[in-house]
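Visitor: I have a structure I would like to understand better, so I am pasting it below and will then ask my questions one at a time.
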(Lines give C-alpha, C1' and ligand atoms only; values in the text may rest on other atoms or scores of the structure.)
Protein backbone atom coordinates (compact mmCIF):
# COMPACT_ATOMS: atom_id res chain seq x y z
CA UNK A 1 0.00 0.00 0.00
CA UNK A 2 1.25 3.47 -0.89
CA UNK A 3 1.40 6.47 1.37
CA UNK A 4 -1.98 7.43 2.78
CA UNK A 5 -3.21 11.00 2.31
CA UNK A 6 -5.21 12.30 5.27
CA UNK A 7 -6.81 15.71 5.73
CA UNK A 8 -7.98 16.95 9.13
CA UNK A 9 -10.50 19.79 8.86
CA UNK A 10 -11.25 21.87 11.96
CA UNK A 11 -13.84 24.64 11.83
CA UNK A 12 -12.54 27.85 13.43
CA UNK A 13 -14.29 28.74 16.75
CA UNK A 14 -17.27 26.95 15.23
CA UNK A 15 -20.23 27.76 17.52
CA UNK A 16 -19.07 31.34 18.07
CA UNK A 17 -18.38 31.82 14.34
CA UNK A 18 -21.90 30.63 13.45
CA UNK A 19 -23.32 33.15 15.93
CA UNK A 20 -21.18 35.95 14.50
CA UNK A 21 -22.13 35.00 10.94
CA UNK A 22 -25.86 34.99 11.71
CA UNK A 23 -25.90 38.18 13.82
CA UNK A 24 -23.95 41.07 12.25
CA UNK A 25 -24.00 42.84 15.63
CA UNK A 26 -21.68 40.17 17.04
CA UNK A 27 -18.98 40.43 14.38
CA UNK A 28 -15.52 41.42 15.58
CA UNK A 29 -16.86 41.32 19.16
CA UNK A 30 -15.77 38.99 22.02
CA UNK A 31 -18.50 36.33 21.91
CA UNK A 32 -18.82 33.53 24.46
CA UNK A 33 -21.23 30.71 23.71
CA UNK A 34 -22.49 29.63 27.14
CA UNK A 35 -25.41 29.95 29.47
CA UNK A 36 -24.71 32.59 32.08
CA UNK A 37 -24.59 31.25 35.61
CA UNK A 38 -22.22 30.02 38.27
CA UNK A 39 -22.38 26.40 37.07
CA UNK A 40 -22.23 26.99 33.34
CA UNK A 41 -19.14 26.28 31.26
CA UNK A 42 -17.94 27.84 28.01
CA UNK A 43 -19.00 25.88 24.92
CA UNK A 44 -17.00 28.09 22.56
CA UNK A 45 -15.32 31.49 22.39
CA UNK A 46 -14.65 33.77 19.45
CA UNK A 47 -11.04 34.66 18.73
CA UNK A 48 -11.75 38.15 20.08
CA UNK A 49 -12.67 36.53 23.42
CA UNK A 50 -9.76 34.09 23.29
CA UNK A 51 -7.41 37.06 23.23
CA UNK A 52 -8.45 37.60 26.88
CA UNK A 53 -7.60 34.00 27.80
CA UNK A 54 -11.13 32.59 27.47
CA UNK A 55 -11.17 28.91 26.49
CA UNK A 56 -13.71 26.15 25.92
CA UNK A 57 -14.76 24.17 29.02
CA UNK A 58 -13.75 27.08 31.28
CA UNK A 59 -16.34 28.03 33.95
CA UNK A 60 -18.52 30.82 32.53
CA UNK A 61 -17.97 32.97 35.62
CA UNK A 62 -14.20 32.78 35.16
CA UNK A 63 -14.63 33.72 31.48
CA UNK A 64 -16.73 36.71 32.49
CA UNK A 65 -14.02 37.88 34.89
CA UNK A 66 -11.35 37.55 32.20
CA UNK A 67 -13.44 39.34 29.59
CA UNK A 68 -16.06 41.61 31.23
CA UNK A 69 -17.08 43.07 27.85
CA UNK A 70 -17.90 39.64 26.40
CA UNK A 71 -21.31 39.03 24.87
CA UNK A 72 -22.80 35.78 26.17
CA UNK A 73 -24.95 33.82 23.71
CA UNK A 74 -26.91 30.73 24.75
CA UNK A 75 -25.88 27.72 22.63
CA UNK A 76 -28.21 26.57 19.86
CA UNK A 77 -27.03 23.05 19.09
CA UNK A 78 -29.81 22.38 16.59
CA UNK A 79 -28.50 25.22 14.43
CA UNK A 80 -24.87 24.12 14.84
CA UNK A 81 -25.83 20.57 13.87
CA UNK A 82 -27.54 21.85 10.71
CA UNK A 83 -24.44 23.84 9.72
CA UNK A 84 -22.24 20.82 10.51
CA UNK A 85 -24.39 18.75 8.15
CA UNK A 86 -23.78 21.32 5.38
CA UNK A 87 -20.02 21.08 6.00
CA UNK A 88 -20.27 17.28 5.80
CA UNK A 89 -22.03 17.55 2.42
CA UNK A 90 -19.02 19.51 1.12
CA UNK A 91 -16.69 16.76 2.39
CA UNK A 92 -18.78 14.12 0.59
CA UNK A 93 -18.08 15.76 -2.76
CA UNK A 94 -14.45 14.75 -2.33
CA UNK A 95 -14.45 11.42 -0.45
CA UNK A 96 -16.73 8.93 1.28
CA UNK A 97 -14.03 8.15 3.87
CA UNK A 98 -15.05 10.75 6.48
CA UNK A 99 -14.58 10.25 10.24
CA UNK A 100 -16.28 13.01 12.26
CA UNK A 101 -14.77 13.70 15.69
CA UNK A 102 -17.45 16.24 16.66
CA UNK A 103 -19.72 18.77 14.97
CA UNK A 104 -16.73 20.91 14.04
CA UNK A 105 -13.93 18.57 13.00
CA UNK A 106 -13.33 15.46 10.94
CA UNK A 107 -10.68 13.31 9.31
CA UNK A 108 -10.88 12.67 5.57
CA UNK A 109 -8.93 9.98 3.72
CA UNK A 110 -8.28 11.48 0.27
CA UNK A 111 -5.68 8.95 -0.90
CA UNK A 112 -8.15 8.70 -3.78
CA UNK A 113 -10.61 11.57 -4.22
CA UNK A 114 -13.86 11.80 -6.18
CA UNK A 115 -13.04 15.04 -7.98
CA UNK A 116 -9.79 13.96 -9.62
CA UNK A 117 -7.73 16.67 -7.96
CA UNK A 118 -4.03 15.81 -8.28
CA UNK A 119 -2.92 16.40 -4.68
CA UNK A 120 -4.32 16.14 -1.14
CA UNK A 121 -3.21 19.73 -0.58
CA UNK A 122 -5.41 20.89 -3.44
CA UNK A 123 -8.34 18.89 -2.02
CA UNK A 124 -7.90 20.59 1.36
CA UNK A 125 -7.61 24.02 -0.27
CA UNK A 126 -10.75 23.40 -2.33
CA UNK A 127 -12.75 22.23 0.71
CA UNK A 128 -11.76 25.31 2.70
CA UNK A 129 -12.71 27.59 -0.20
CA UNK A 130 -16.09 25.88 -0.63
CA UNK A 131 -16.82 26.25 3.09
CA UNK A 132 -15.90 29.94 2.92
CA UNK A 133 -17.93 30.68 -0.22
CA UNK A 134 -21.01 28.59 0.52
CA UNK A 135 -21.30 28.83 4.31
CA UNK A 136 -19.44 32.09 5.01
CA UNK A 137 -17.31 30.36 7.65
CA UNK A 138 -13.62 29.56 7.89
CA UNK A 139 -11.89 26.26 8.51
CA UNK A 140 -8.31 25.25 9.14
CA UNK A 141 -6.89 22.10 7.60
CA UNK A 142 -3.87 19.86 8.00
CA UNK A 143 -2.57 17.46 5.35
CA UNK A 144 -0.31 14.56 6.27
CA UNK A 145 0.32 10.84 5.71
CA UNK A 146 -1.67 9.85 8.85
CA UNK A 147 -4.33 11.05 11.30
CA UNK A 148 -1.92 11.97 14.11
CA UNK A 149 0.17 14.28 11.95
CA UNK A 150 -2.86 15.72 10.10
CA UNK A 151 -4.44 16.82 13.40
CA UNK A 152 -1.21 18.47 14.53
CA UNK A 153 -0.96 20.21 11.15
CA UNK A 154 -4.49 21.63 11.21
CA UNK A 155 -3.72 23.35 14.50
CA UNK A 156 -0.47 24.84 13.22
CA UNK A 157 -1.86 27.83 11.34
CA UNK A 158 -5.22 28.39 13.03
CA UNK A 159 -7.39 30.24 12.38
CA UNK A 160 -8.15 30.01 8.68
CA UNK A 161 -4.91 28.23 7.83
CA UNK A 162 -3.59 25.29 5.83
CA UNK A 163 -0.45 23.36 6.75
CA UNK A 164 1.07 20.34 5.05
CA UNK A 165 3.44 17.80 6.64
CA UNK A 166 5.10 15.80 3.88
CA UNK A 167 6.38 12.33 4.84
CA UNK A 168 10.03 13.33 4.40
CA UNK A 169 9.51 16.43 6.57
CA UNK A 170 7.75 14.70 9.49
CA UNK A 171 10.88 14.37 11.68
CA UNK A 172 11.87 18.01 11.20
CA UNK A 173 8.35 19.05 12.24
CA UNK A 174 8.07 16.69 15.22
CA UNK A 175 11.46 16.91 16.90
CA UNK A 176 11.20 20.46 18.36
CA UNK A 177 7.63 19.96 19.65
CA UNK A 178 7.02 19.75 23.41
CA UNK A 179 5.94 16.23 24.39
CA UNK A 180 2.72 17.76 25.73
CA UNK A 181 1.57 18.17 22.11
CA UNK A 182 1.35 14.40 21.67
CA UNK A 183 -2.14 12.89 22.04
CA UNK A 184 -2.58 11.19 25.40
CA UNK A 185 0.24 13.10 27.09
CA UNK A 186 -1.44 14.94 29.93
CA UNK A 187 0.15 16.72 32.87
CA UNK A 188 1.03 13.51 34.74
CA UNK A 189 2.76 11.86 31.77
CA UNK A 190 4.48 15.12 30.85
CA UNK A 191 5.86 15.45 34.40
CA UNK A 192 7.00 11.84 34.39
CA UNK A 193 8.80 12.35 31.09
CA UNK A 194 10.29 15.57 32.45
CA UNK A 195 11.84 13.63 35.33
CA UNK A 196 13.48 11.43 32.72
CA UNK A 197 14.92 14.54 31.08
CA UNK A 198 12.47 14.35 28.17
CA UNK A 199 10.88 17.65 27.17
CA UNK A 200 10.72 17.45 23.35
CA UNK A 201 9.67 14.80 20.87
CA UNK A 202 13.24 14.68 19.58
CA UNK A 203 14.48 13.72 23.06
CA UNK A 204 11.68 11.14 23.35
CA UNK A 205 12.84 9.60 20.08
CA UNK A 206 16.12 8.60 21.75
CA UNK A 207 14.40 6.29 24.24
CA UNK A 208 14.19 2.57 23.46
CA UNK A 209 10.85 0.78 23.22
CA UNK A 210 11.62 -1.51 26.16
CA UNK A 211 12.37 1.45 28.42
CA UNK A 212 9.17 3.24 27.46
CA UNK A 213 7.08 0.12 28.03
CA UNK A 214 8.72 -0.34 31.42
CA UNK A 215 7.86 3.25 32.44
CA UNK A 216 4.44 3.65 30.80
CA UNK A 217 3.10 0.14 30.21
CA UNK A 218 1.06 -0.35 27.04
CA UNK A 219 1.06 3.40 26.34
CA UNK A 220 4.84 3.21 26.06
CA UNK A 221 4.52 1.59 22.61
CA UNK A 222 2.19 4.37 21.49
CA UNK A 223 4.70 6.99 22.67
CA UNK A 224 7.45 5.16 20.79
CA UNK A 225 5.39 5.23 17.57
CA UNK A 226 4.22 8.84 17.90
CA UNK A 227 7.78 10.05 18.42
CA UNK A 228 8.49 8.50 14.99
CA UNK A 229 5.39 9.93 13.35
CA UNK A 230 3.81 6.47 13.09
CA UNK A 231 0.02 6.16 13.22
CA UNK A 232 -1.60 3.26 11.37
CA UNK A 233 -5.16 4.00 12.55
CA UNK A 234 -7.40 4.19 9.47
CA UNK A 235 -10.02 6.85 8.83
CA UNK A 236 -13.24 5.13 9.95
CA UNK A 237 -16.31 6.39 8.05
CA UNK A 238 -19.30 7.81 9.91
CA UNK A 239 -21.12 5.37 12.15
CA UNK A 240 -24.93 5.48 12.36
CA UNK A 241 -26.47 7.50 15.21
CA UNK A 242 -26.51 5.46 18.42
CA UNK A 243 -28.10 8.08 20.64
CA UNK A 244 -28.91 11.77 20.97
CA UNK A 245 -29.40 13.63 24.21
CA UNK A 246 -29.67 17.05 25.79
CA UNK A 247 -28.89 18.00 29.37
CA UNK A 248 -28.55 21.02 31.60
CA UNK A 249 -27.31 21.93 35.08
CA UNK A 250 -29.66 23.55 37.59
CA UNK A 251 -28.69 26.96 39.01
CA UNK A 252 -29.25 25.40 42.46
CA UNK A 253 -29.56 21.74 43.52
CA UNK A 254 -33.20 20.65 43.29
CA UNK A 255 -35.46 17.85 44.50
CA UNK A 256 -36.60 15.36 41.87
CA UNK A 257 -40.17 16.67 41.90
CA UNK A 258 -38.83 20.17 41.20
CA UNK A 259 -37.08 19.02 38.01
CA UNK A 260 -40.29 18.89 35.95
CA UNK A 261 -39.98 22.30 34.20
CA UNK A 262 -36.41 21.49 33.12
CA UNK A 263 -37.37 18.00 31.90
CA UNK A 264 -40.21 19.48 29.85
CA UNK A 265 -37.89 22.05 28.26
CA UNK A 266 -35.21 19.44 27.48
CA UNK A 267 -37.79 17.05 26.01
CA UNK A 268 -38.91 19.80 23.61
CA UNK A 269 -35.31 20.42 22.51
CA UNK A 270 -34.73 16.69 22.10
CA UNK A 271 -37.90 16.25 20.04
CA UNK A 272 -36.77 19.05 17.73
CA UNK A 273 -33.30 17.46 17.38
CA UNK A 274 -34.70 14.02 16.63
CA UNK A 275 -36.92 15.34 13.82
CA UNK A 276 -33.71 15.87 11.81
CA UNK A 277 -32.82 12.17 12.04
CA UNK A 278 -33.95 9.63 9.44
CA UNK A 279 -33.72 6.75 11.91
CA UNK A 280 -36.22 5.86 14.62
CA UNK A 281 -35.29 5.68 18.35
CA UNK A 282 -36.80 2.92 20.48
CA UNK A 283 -35.67 3.93 23.98
CA UNK A 284 -36.19 7.06 26.10
CA UNK A 285 -33.50 7.79 28.70
CA UNK A 286 -33.55 10.02 31.79
CA UNK A 287 -30.14 11.01 33.14
CA UNK A 288 -29.59 12.50 36.59
CA UNK A 289 -26.55 13.68 38.50
CA UNK A 290 -26.87 13.98 42.27
CA UNK A 291 -25.39 16.86 44.21
CA UNK A 292 -22.66 14.37 45.21
CA UNK A 293 -21.87 13.94 41.48
CA UNK A 294 -23.22 10.38 41.23
CA UNK A 295 -24.61 9.78 37.72
CA UNK A 296 -27.58 7.50 37.10
CA UNK A 297 -29.81 6.71 34.15
CA UNK A 298 -33.27 5.23 33.86
CA UNK A 299 -34.66 4.10 30.50
CA UNK A 300 -37.90 2.85 28.99
CA UNK A 301 -38.59 1.16 25.66
CA UNK A 302 -42.28 1.57 24.74
CA UNK A 303 -44.05 -0.75 22.32
CA UNK A 304 -43.89 1.99 19.68
CA UNK A 305 -41.56 5.01 19.45
CA UNK A 306 -42.95 8.27 20.90
CA UNK A 307 -45.30 9.79 18.34
CA UNK A 308 -45.34 13.33 19.74
CA UNK A 309 -43.38 15.71 21.93
CA UNK A 310 -46.07 15.33 24.60
CA UNK A 311 -45.63 11.55 24.64
CA UNK A 312 -41.83 11.86 24.89
CA UNK A 313 -42.22 14.36 27.74
CA UNK A 314 -44.68 12.10 29.55
CA UNK A 315 -42.30 9.13 29.38
CA UNK A 316 -39.36 11.22 30.60
CA UNK A 317 -41.37 12.52 33.56
CA UNK A 318 -42.62 9.03 34.48
CA UNK A 319 -39.05 7.72 34.52
CA UNK A 320 -38.54 9.74 37.70
CA UNK A 321 -40.66 7.10 39.47
CA UNK A 322 -37.93 4.54 38.72
CA UNK A 323 -35.15 6.49 40.46
CA UNK A 324 -35.82 4.98 43.90
CA UNK A 325 -33.68 7.34 45.98
CA UNK A 326 -34.61 9.30 49.10
CA UNK A 327 -37.24 11.94 48.15
CA UNK A 328 -35.00 14.52 49.88
CA UNK A 329 -32.06 13.70 47.57
CA UNK A 330 -31.05 16.76 45.58
CA UNK A 331 -29.81 16.84 41.97
CA UNK A 332 -27.52 19.18 40.11
CA UNK A 333 -28.12 18.03 36.50
CA UNK A 334 -30.81 16.38 34.40
CA UNK A 335 -30.75 15.09 30.83
CA UNK A 336 -33.19 13.46 28.42
CA UNK A 337 -32.07 11.18 25.62
CA UNK A 338 -33.17 8.83 22.84
CA UNK A 339 -31.25 5.67 21.98
CA UNK A 340 -31.55 2.21 20.44
CA UNK A 341 -32.00 3.65 16.94
CA UNK A 342 -33.39 1.55 14.09
CA UNK A 343 -33.99 2.19 10.42
CA UNK A 344 -37.64 3.11 9.86
CA UNK A 345 -38.42 -0.18 8.11
CA UNK A 346 -36.92 -2.18 11.03
CA UNK A 347 -39.17 -0.69 13.68
CA UNK A 348 -41.81 -3.13 14.80
CA UNK A 349 -44.13 -3.20 17.79
CA UNK A 350 -42.62 -4.93 20.79
CA UNK A 351 -43.70 -5.34 24.40
CA UNK A 352 -42.83 -2.41 26.69
CA UNK A 353 -39.66 -2.85 28.69
CA UNK A 354 -38.29 -1.06 31.71
CA UNK A 355 -34.51 -1.25 31.90
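Visitor: If I filter the stretch 24-37 for residues that are outside the structural domain of residue 251 (by TED's automatic domain parsing), within 16 Å of residue 137 (Cβ to Cβ) and buried (at least 20 other Cβ atoms within 10 Å of the Cβ), do I get at least one hit?
Guide: yes
Visitor: Can I ask one more? Give the residue that is surrounded by the most Cβ atoms within 10 Å (Cβ to Cβ), with candidates limited to residues of the stretch 100-114 that are under 15 Å from residue 4 (Cα atoms) and touching a strand residue (DSSP E or B) at 6+ places or on another chain (Cβ under 9 Å).
Guide: By that ranking, first place goes to 108.
Visitor: Ok, one more. Would you say residue 159 is without any contact (Cβ under 8 Å) to a residue 40 or more places away in the chain, in a loop (DSSP other than H, G, I, E, B) and either more than 26 Å from residue 100 (Cβ to Cβ) or within 23 Å of the chain's Cα centre (by Cα) (or both)?
Guide: The answer is no for residue 159.
Visitor: Now a separate question. State all residues of the stretch 32-54 that are touching a residue at least 40 places away in the same chain (Cβ under 8 Å), under 16 Å from residue 18 (Cα atoms) and not in a helix (DSSP H, G or I); if no residue qualifies, say none.
Guide: Matches in the stretch 32-54: 32, 33, 34.
Visitor: Quick check on the stretch 273-315: of everything there that is loosely packed, with under 13 Cβ neighbours inside 10 Å and under 22 Å from residue 249 (Cβ atoms), which residue is farthest from the chain's Cα centre (by Cα)?
Guide: Only one residue fits best here, namely 292.
Visitor: Moving on to the next point. Only residues in the stretch 301-319 that are in the same structural domain as residue 279 (by TED's automatic domain parsing) and modelled with pLDDT of 90 or more count as the first member; pair them with residues that are part of a loop (DSSP other than H, G, I, E, B) and exposed (fewer than 15 other Cβ atoms within 10 Å of the Cβ), Cβ under 7 angstrom, at least 6 apart or cross-chain, and list the lot.
Guide: So the pair list comes out as 301/352; 301/355.
Visitor: Still on this model: Among the residues of the stretch 90-115, write down those that are out of contact with any helix residue (DSSP H, G or I) (no Cβ under 9 Å at 6 or more places or on another chain), farther than 20 Å from residue 166 by Cα and either free of Cβ contacts under 8 Å to residues at least 24 places away in the same chain or assigned to a helix (DSSP H, G or I) (or both).
Guide: 92
Visitor: Within the stretch 243-260, how many residues are out of contact with any strand residue (DSSP E or B) (no Cβ under 8 Å at 6 or more places or on another chain) and either touching a residue at least 40 places away in the same chain (Cβ under 8 Å) or part of a strand (DSSP E or B) (or both)?
Guide: 4
The values are calculated or read from the model by the stated rules, or taken from the named source; none is laboratory data. Quick caveat, the model's predicted, so the values are computed rather than measured. As a convention, Cβ positions derive from the backbone with ideal geometry for all residues, glycine included, and neighbour counts pool all protein chains shown.
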